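Data first, discussion second: the structure below is written as structure tokens.
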Amino acid sequence: MWCSWPVIPLLLLLSIAPMLAEVVNSMSDCDHFLLEETPPQIPGVLEDGKILNQNRYKPICQTYRNKRRFVTLYDIKNKIPVFSAYKYRGVEGKGRPKKHWKIEPQCDDQAVDTDFRSNGMFDRGHIIPSSYASTENDKRSTFTLTNIVPQAGSFNKGSWSRMESCIRCVMDKYCTNSSGFTEGFVVTGAQPSFSNILNNRVNIPSMLWTAFCCYSTNMEAWIASAHWGNNVPDDAKNKHLSGIYFKNKNIPIFS
Ligand SMILES: *[C@@H]1O[C@H](CO)[C@@H](O)[C@H](O)[C@H]1NC(C)=O
């Protein structure tokens, strides 16, 4: 199947940079958020569905109120997610729930609240945004520090946030499956930096990336996009992130 998260090879090619959490044994224990139950290829981390260093990378089935909401591959050395994956189904309510950060007892090697309080320059940047979550409880489930990276404030609230809204609109408009439901598969991740560390503990990623893929009944095609941005403050008020869109067979339609 062509639609296998083009962002990963793309990033390597360009090389620009490139609740309750249930820690499961392998990605396949929590794969129903992934297109065709197939995890992305992350060279050196996750290859052909296998986690290469299982002591370091932990798959987490993000569970809230007894329901699995999305999946994260967490890097306990860097204390940030490698990626989170979510099946977008449209959004029911409006607005953000009251923030209440959850710390999962199963993962004691994770970032904690004080790590983020130590330096006011960084937001707690969502990997799967609460704005993509379908229900109120889905939204709440995204407020876990295992779905968070230190993100430059104006990047988080500016160009990254505008891109997220834009992709959500694209999915609302085009990602309707053959049963008539909104359905899009989203994978978002962070490229760790070599040595930029928050509070001596948490890696400040150098770059964030995101991709979605879906079948579009109205376009009669599979469509996908990939976007990425360096984790630095936006240098302009209307900064636009680099992105690329695909329709069938990995042919870029515009960027
Ligand atoms: C369409 O999407 C809905 C919501 O994700 C899902 O329950 C259903 O199985 C999908 N239908 C097909 C044909 O993929």
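Every read-out reported here was derived from the displayed coordinates using simple, explicitly stated rules and does not represent laboratory data. This one's a predicted model, so the numbers in the text were calculated from it and none came from an experiment. With ideal geometry, Cβ positions are generated from the backbone for all residues, glycine too; neighbour counts draw on all protein chains shown.
Brief remarks on what is shown
- Percentage relative contact order, region 77-247, counting C-alpha pairs under 8 Å, at least six apart: 25
- Ordering Thr114, Leu145, Gly243 by Cα displacement along the dipole of region 77-247 toward the positive end leaves Thr114 in first place; charges were set at the Cβ atoms of Lys, Arg (+1) and Asp, Glu (-1).
- Charged side chains reduced to their Cβ positions (Lys and Arg at +1, Asp and Glu at -1) give region 77-247 a dipole of some 340 debye around its Cα centre.
- Net +/- balance of residues flanking Asn137 in space, Cβ distance below 12 Å, scoring K and R +1, D and E -1: +3
- Annotation: Cα Rg of region 77-247 relative to the compact-globule expectation 2.2 N^0.38 Å equals 1.05.
- Which listed pairs, of Lys139/Lys173; Lys67/Lys157; Lys67/Lys237; Lys77/Lys237, have C-alpha distances above 31 Å, in listed order: Lys67/Lys237; Lys77/Lys237
- In order along region 214-228, phi translates into HN-Hα couplings of 7, 8, 10, 5, 5, 8, 6, 7, 7, 10, 7, 8, 9, 9, 7 Hz, rounded to whole numbers, per the Karplus curve 6.51 cos²θ - 1.76 cosθ + 1.60 with θ = phi - 60° and x for Gly and Pro.
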